[in-house]
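The values are calculated or read from the model by the stated rules, or taken from the named source; none is laboratory data. From a predicted model like this one, the values you see are computed outputs, not experimental measurements. Cβ atoms come from the backbone with ideal geometry, glycine included; neighbour counts cover every protein chain shown. Accessible surface is based on the protein model in full, side chains and every heavy atom, while ligands, DNA and RNA are left aside. Shrake-Rupley method; radii C 1.70, N 1.55, O 1.52, S 1.80 Å.
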Amino acid sequence: MIQRILLGVAFYFLWIGLSGHFSPFLVATSLISVVGVVLLLTHLGLVARQFQPFSLVVPLVIYWGWLLVEIVKSNIDVARCVLGLGRPATPSMAWIETSQKSELCRTLYGNSITLTPGTFTVLAEGDRFLVHALHREGIAALQDGEMDRRCLALDEKFRGRIA
Amino acid sequence: MTAADILDLGRNVLGDGLVFLGAFATLVGAIGLLRLPDFYTRAHAGGVTDTAGAIGILVGLAILSPDLLTALKLLIVLVVALFASPTSCHALARAAFRSGIRPALDGDRPPPPQPGE
């Protein structure tokens with residue numbers, strides 16, 4: 001139930017943010033449409049913690065801040081390689097172990113690897129990712145496990161609420 | 001010059017700078033797409049356009065936008081783009097790997113085998 005109310009509130013803010021209308025009639029009808037959408041999602045069985053992880057919103061935004069810095073750093077690296085200013089490319093490929101238990105946080109980890117330029121996930125089989133990197137150091141940095149640790153902390157927070 | 005003028009000037013400089021950086025990153029991505037040797041390394045150049053290009057241009061436009069609602073919409077577009085682009089990049093790489101395109105690796109080493117084999 002709390003999940004549905006939170007989802008409805010999120011939808012309502014999204015509606016207000018996208019429409020920008022505040023007349024009483026439209027605000028009332030939007031309320032009806034939000035309730036309708038939440039009921040429809042309940043009927044489809046799409047209201048669940050792994051689809052809307054509200055408990056992770058604050059840690060996730062903090063994680064995004066860290067990820068943004070990593071994205072900027074690796075963007076500079078790849079741009080220098082493309083323009084021929086830095087080290088030449090040493091493409092490499094390796095299987096990376098992931099330690100997250102939940103599908104959600106494993107997806108987060110895989111997407112974070114792909115989102116930082118210079119490394120991307122080619123295959124995701126079970127709890128391992130096949131990662132391609134533009135530089136050999138990219139694989140080494142992933143095996144070092146800073147990003148894995150941060151995703152694991154989010155994963156533990158996510159699963160802690162179930163138990 | 002009043003304080004509001006200075007604030008406006010600062011906002012314009014910051015916004016224009018970010019849009020310029022985003023456009024430059026997109027250009028670098030396009031050059032990389034042409035210069036790098038094989039499919040997988042070219043996908044890395046696409047990553048530059050997806051991240052630095054999208055972040056620079058959309059955040060810059062959000063800072064330059066006249067009202068808060070427009071800025072909010074641009075940031076929603078950015079979040080959706082940042083969720084969609086790694087997914088499409090992964091789908092592309094996975095399809096290439098599955099259909100037998102093997103990357104040219106440093107020192108001519110073969111790509112690692114499947115974990116089950």
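General remarks:
- Rounded to the nearest 20, the size of the Cβ-charge dipole of chain A about its Cα centre is 260 debye, with Lys and Arg at +1 and Asp and Glu at -1.
- Rolling a 1.4 Å probe across the protein heavy atoms gives the range A:2-44 an accessible surface of 69 Å² per residue.
- Taking only protein heavy atoms and a 1.4 Å probe, the accessible area of the range A:57-109 is 69% carbon and sulfur.
- Here the average projected area of the convex hull drawn through the C-alpha atoms of the range B:1-50 stands at 3.6 nm².
- When the Cα positions of A:Q143, A:A124, A:Y63 are compared along the charge dipole of the range A:54-163, A:Y63 comes out farthest toward the positive end, with charges on each C-beta of Lys, Arg, Asp and Glu.
- When chain A is treated as a Gaussian network with alpha carbon springs shorter than 10 Å, the biggest mean-square fluctuation among A:I113, A:I62, A:I16 belongs to A:I16.
- Between the C-alpha center of the range A:14-62 and that of the range A:91-137 there is a gap of 31 Å.
- For chain A: relative contact order, % (alpha-carbon pairs under 8 angstrom, 6 or more apart): 21 percent
- Interface size, chains B and A: roughly 3300 Å² of accessible area buried, both sides included, 1.4 Å probe, rounded to the nearest 100.
- Dividing the summed helix terms, -39500 (n - 2.57) for each DSSP H run of n ≥ 4, by the number of residues in chain B produces a 222 nm estimate of -25000 deg cm²/dmol to the nearest 500.
- For A:L123, the residues whose amide H sits under 5 Å from its own are A:L130, ignoring neighbours fewer than 5 places away on the same chain, with H placed 1.01 Å from N.
- Cα pair distances in the protein assembly as shown, grouped into 5 Å bins until the bin that holds the longest one, percent each: 1, 5, 10, 13, 15, 14, 13, 11, 8, 5, 3, 1, 0, 0, 0
- Working note: 222 nm ellipticity from helices only, DSSP H runs with n ≥ 4, each -39,500 (n - 2.57), summed and divided by the residues of chain A, gives -21000 deg cm²/dmol to the nearest 500.
- Tensor-based shape of the range B:9-99 (alpha-carbon gyration tensor, a/c under 1.5 rounded, otherwise prolate or oblate): oblate
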